[in-house]
Amino acid sequence: QYTTKDIKINDKFSNEKLRSLHAFQVNFLLDGMSYIVETNKERKKQLNIIDVGDSSGNHAKYLNSLQNITDNLNLLSIDIDPVSVEKIKSKGLKAVCCRAEEIGELDIGFKPDLMYSLQMLEHLTDPARFLYNLSKNNVCEYFAMTVPYVKNSRVGLKHLRKGMAKKVSP
């Protein structure tokens, strides 16, 4: 899921933690999809979904293979990192390189029934404005998200202050 080579998930605890998080998130999304179809049977034919901040396409693949809720699942991934977008496309999925804050300006050819963001909102400079714009511009009917619980937070600006020579990905 990570685009940098510095981060490795190779110990038993980290691997189990990540698998558990993905299982929770996918079940959460499947429940949301079921709710949407139950409240509007017309959506049984097709659900349009956008994954905001998708860095790997993993959740889209999970949903495609596990869901039996709709006849056709139209899923689009959006991420600011071009490496992530290419990784998603290489898996045969649809992806667009775009800032989360600019989703309302995209011409994607459909209005999503559901948008979701998993562990991404905390990376935005102004998450409140992002959510406000989604609501104000009526971008989607339902928005599901998860955010990490972090007792003490920090911003990694020390890397920028040190004048790193290498290009830093969002």
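The values are calculated or read from the model by the stated rules, or taken from the named source; none is laboratory data. Keep in mind that what you see is a predicted model, and the values were worked out from it rather than measured. Positions of Cβ are backbone-derived with ideal geometry, glycine not excepted, and every protein chain shown enters the neighbour counts. For accessibility, only protein heavy atoms count, side chains too; no ligands or nucleic acids. Shrake-Rupley method; radii C 1.70, N 1.55, O 1.52, S 1.80 Å.
So which of 116, 62, 132 is in contact with a strand residue (DSSP E or B) (Cβ under 8 Å, 6 or more places away or on another chain) and outside any loop (DSSP other than H, G, I, E, B)?
Values: 62 fails: in contact with a strand residue (DSSP E or B) (Cβ under 8 Å, 6 or more places away or on another chain); 132 fails: in contact with a strand residue (DSSP E or B) (Cβ under 8 Å, 6 or more places away or on another chain).
Going through 116, 62, 132 in turn, the sole match is 116.
Working carefully through the options 135, 117, 153, find the one that is modelled with pLDDT under 85 and on the phi < 0 side of the Ramachandran plot.
Details: 135 fails: modelled with pLDDT under 85; 117 fails: modelled with pLDDT under 85.
Within the list 135, 117, 153, the selection yields 153.
Using the structure shown, decide if residue 91 is modelled with pLDDT of 90 or more, buried (at least 16 other Cβ atoms within 10 Å of the Cβ) and of a type in the set (Lys, Arg).
In short, no.
Out of curiosity, is residue 65 among the hydroxyl-bearing types (Ser, Thr, Tyr), loosely packed, with under 15 Cβ neighbours inside 10 Å and under 26 Å from residue 31 (Cβ atoms)?
In short, yes.
Against the condition open to solvent by 30 Å² or more (accessible area, probe 1.4 Å), in contact with a strand residue (DSSP E or B) (Cβ under 8 Å, 6 or more places away or on another chain) and part of a helix (DSSP H, G or I), how does residue 17 come out, does it pass?
It is false that residue 17 is open to solvent by 30 Å² or more (accessible area, probe 1.4 Å), in contact with a strand residue (DSSP E or B) (Cβ under 8 Å, 6 or more places away or on another chain) and part of a helix (DSSP H, G or I).
Looking for something modelled with pLDDT of 90 or more, more than 20 Å from residue 23 (Cβ to Cβ), part of a loop (DSSP other than H, G, I, E, B) and open to solvent by 70 Å² or more (accessible area, probe 1.4 Å) - is there at least one such residue anywhere in region 94-105?
yes
Quick one: is residue 36 under 17 Å from residue 115 (Cα atoms), modelled with pLDDT of 90 or more and β-branched (Val, Ile, Thr)?
Answer is yes for this residue.
For residue 59, are the conditions met, namely being farther than 20 Å from residue 124 by Cβ and open to solvent by less than 20 Å² (accessible area, probe 1.4 Å)?
no
For residues that are acidic (Asp, Glu) and open to solvent by 20 Å² or more (accessible area, probe 1.4 Å), tally how many sit in region 29-56.
So the count comes out to 3.
Being assigned to a strand (DSSP E or B) and within 20 Å of residue 121 (Cα to Cα) is true for just one of 29, 47, 75. Which residue is that? Please lay out each step first, then the result.
Values: 29 fails: assigned to a strand (DSSP E or B); 47 fails: within 20 Å of residue 121 (Cα to Cα).
Sole residue among the options that is assigned to a strand (DSSP E or B) and within 20 Å of residue 121 (Cα to Cα): 75.
Which one of these does residue 83 not meet: (1) surrounded by fewer than 16 Cβ atoms within 10 Å (Cβ to Cβ); (2) β-branched (Val, Ile, Thr); (3) in contact with a Ser or Thr (Cβ under 7 Å, 6 or more places away or on another chain); (4) outside any helix (DSSP H, G or I)?
Tallying (1) surrounded by fewer than 16 Cβ atoms within 10 Å (Cβ to Cβ); (2) β-branched (Val, Ile, Thr); (3) in contact with a Ser or Thr (Cβ under 7 Å, 6 or more places away or on another chain); (4) outside any helix (DSSP H, G or I), residue 83 fails exactly one: (4).
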